[in-house]
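Working notes, structure below.
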Amino acid sequence: MDVTLLALITFWSSVIVGALVTAVVIPLLRKMRAYKRDRKKTLYGTEATEFKKIREREERSIKKRRVPRVGGLALLPTVIVVGISLALYLRSDILLLAVLTVAAVSLMMLYDDFTDIGLIKRKSLRIRDRLMLYSVIMLICGFGFASLLPAHITFLPFAPFENVIVSTLVMAVLFTLWCLFWQISSVIDGVDGLSGSIFLVLFIGIGIVSMLQGDTVVLLLSLLAGGMLIPWLFANYAPAKAYLTETGITTLTTLFAISTFLLAVCADSGSGLWIGCIFGGILIATWVSNVLQLLYRKATGKKLFRIAPLHHHFEAIGIPGSSVVLRYMLVTIICVVFGVSLLLLL
């Protein structure tokens, strides 16, 4: 089948399946009363007063109803159904492994989300435990990717960091660390449409790079991700009808991590892991703000930001959530354009 036709089928299949699933999942979550217990404590054990002020201000300004969790259930079925169908049609082991990897870690996070809303009567996993389980799954899948991919990777677009020869073990470990690096940015979810808007721009950028490099698998992954995000954003762009929480944001961060990693091992590519870091600058800034807040608080006993992560700080100083979403999306567009421009120049 012609690549253009295959790309169109992938995109529109994702849009249609995503729209159908979203239309079913969001009312179902409300019916299930999939709400998280009120947030009472911050990461360092103090009262979450700033967070409560933000939510109270939202309720007064836009009469926002309580928003259910586990919105990622609207994304995961599209990845599994469309992704596996494509992989089987193309007989692509790499594409199939990518979809199964995303499904595995997202289902793990779905379990945690279900405990968070009380659907499963167990204690939620601690952040450390979640990251450890995520790393184990990624290491196992990393060996699978290492056996299917070329034995080299590009870190930066110049010697000696370009097309570096690595062993199977090193490739698997690099894959695990790369995915973990982006997974810790999962705190980006929490403002209406924020994560969906950012990742839609990111996957458009990945699609452009994949076309420049002639990487069909990554192109299809980017179209799959972008297609399923469009109906999600229609339903959830201010005010949100559901939050992605760990299930949804893990689906997106893992798709992003796998896509950018695959671009970095494309034969003789001018791209590399550096392009992912430029594209995802706003994601990096999000988790870095959390780290800085914790370190500064530990060192001085005071807060560096009114509230972390950074997007909640902007809300706390009076910037409406919709404005935060718009600005974050614009910054991400700038990062993507800058990254693609560098790629074309190098």
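The values are calculated or read from the model by the stated rules, or taken from the named source; none is laboratory data. Note that this is a predicted model, so its numbers are computed, not measured. Because the Cβ atoms are built from the backbone with ideal geometry, glycine has one as well, and the counts that use them run over all protein chains shown.
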> Within segment 295-315, can you find the residues that are over 22 Å from Ile334 (Cα atoms), crowded, with 16+ Cβ neighbours inside 10 Å and either out of contact with any helix residue (DSSP H, G or I) (no Cβ under 9 Å at 6 or more places or on another chain) or not charged (D, E, K, R) (or both)?
Replying inline: Arg297, Phe305, Ile307, Ala308
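Answer yes or no: is there a residue in segment 88-100 that is outside any helix (DSSP H, G or I), on the phi < 0 side of the Ramachandran plot, at pLDDT 90 or above and surrounded by fewer than 18 Cβ atoms within 10 Å (Cβ to Cβ). Reasoning before the result, please.
Going through segment 88-100, the residues outside any helix (DSSP H, G or I) turn out to be 91-92.
Narrowing further to those that are on the phi < 0 side of the Ramachandran plot: 92.
Imposing the further condition that a residue be at pLDDT 90 or above reduces the set to 92.
Those left that are additionally surrounded by fewer than 18 Cβ atoms within 10 Å (Cβ to Cβ): 92.
Yes, that holds for at least one residue.
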>> Taking the criterion of being at pLDDT below 70, assigned to a helix (DSSP H, G or I), within 25 Å of the chain's Cα centre (by Cα) and more than 16 Å from Val99 (Cβ to Cβ), would at least one residue in segment 36-52 satisfy it?
In response: yes
> Among the helices (runs of 4 or more DSSP H) contained in segment 238-346, which hold 1 or more residues that are modelled with pLDDT of 85 or more, of a type in the set (Gly, Ala, Ser) and more than 16 Å from the chain's Cα centre (by Cα)?
Replying inline: 245-264, 281-300, 321-345
> So which residues in segment 91-104 are within 15 Å of Thr78 (Cβ to Cβ), touching a residue at least 60 places away in the same chain (Cβ under 8 Å) and small (Gly, Ala, Ser), if there are any at all?
Replying inline: Ala98
> Quick one: in segment 206-220, which of the residues that are over 12 Å from Val3 (Cβ atoms) and not small (Gly, Ala, Ser) is surrounded by the most Cβ atoms within 10 Å (Cβ to Cβ)?
Replying inline: Ile206
>> Restricting to segment 206-233, give me the number of residues that are closer than 26 Å to Thr22 by Cβ, in contact (Cβ under 8 Å) with a residue 40 or more places away in the chain and touching a Ser or Thr at 6+ places or on another chain (Cβ under 7 Å).
In response: 14
> When you go through (1) part of a loop (DSSP other than H, G, I, E, B); (2) of a type in the set (A, V, I, L, M, F, W, C); (3) closer than 17 Å to Ser222 by Cβ one by one for Leu119, which number turns out not to apply?
Replying inline: (3)
>> If the requirement is being farther than 16 Å from Ser259 by Cα and at pLDDT 85 or above, which of these qualifies: Ala159, Ala151?
In response: Ala151
>> Anything in segment 115-141 that is farther than 18 Å from Trp178 by Cα and of a type in the set (Gly, Ala, Ser)? List them, or say none.
In response: Gly118, Ser124
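Pick out the one residue from Leu156, Leu107, Leu119 that is within 15 Å of Thr254 (Cβ to Cβ), surrounded by fewer than 17 Cβ atoms within 10 Å (Cβ to Cβ) and either within 19 Å of the chain's Cα centre (by Cα) or in contact (Cβ under 8 Å) with a residue 12 or more places away in the chain (or both). Step through it out loud before you land on a result.
Details: Leu156 fails: within 15 Å of Thr254 (Cβ to Cβ); Leu119 fails: within 15 Å of Thr254 (Cβ to Cβ).
Just a single option satisfies the conditions, and that option is Leu107.
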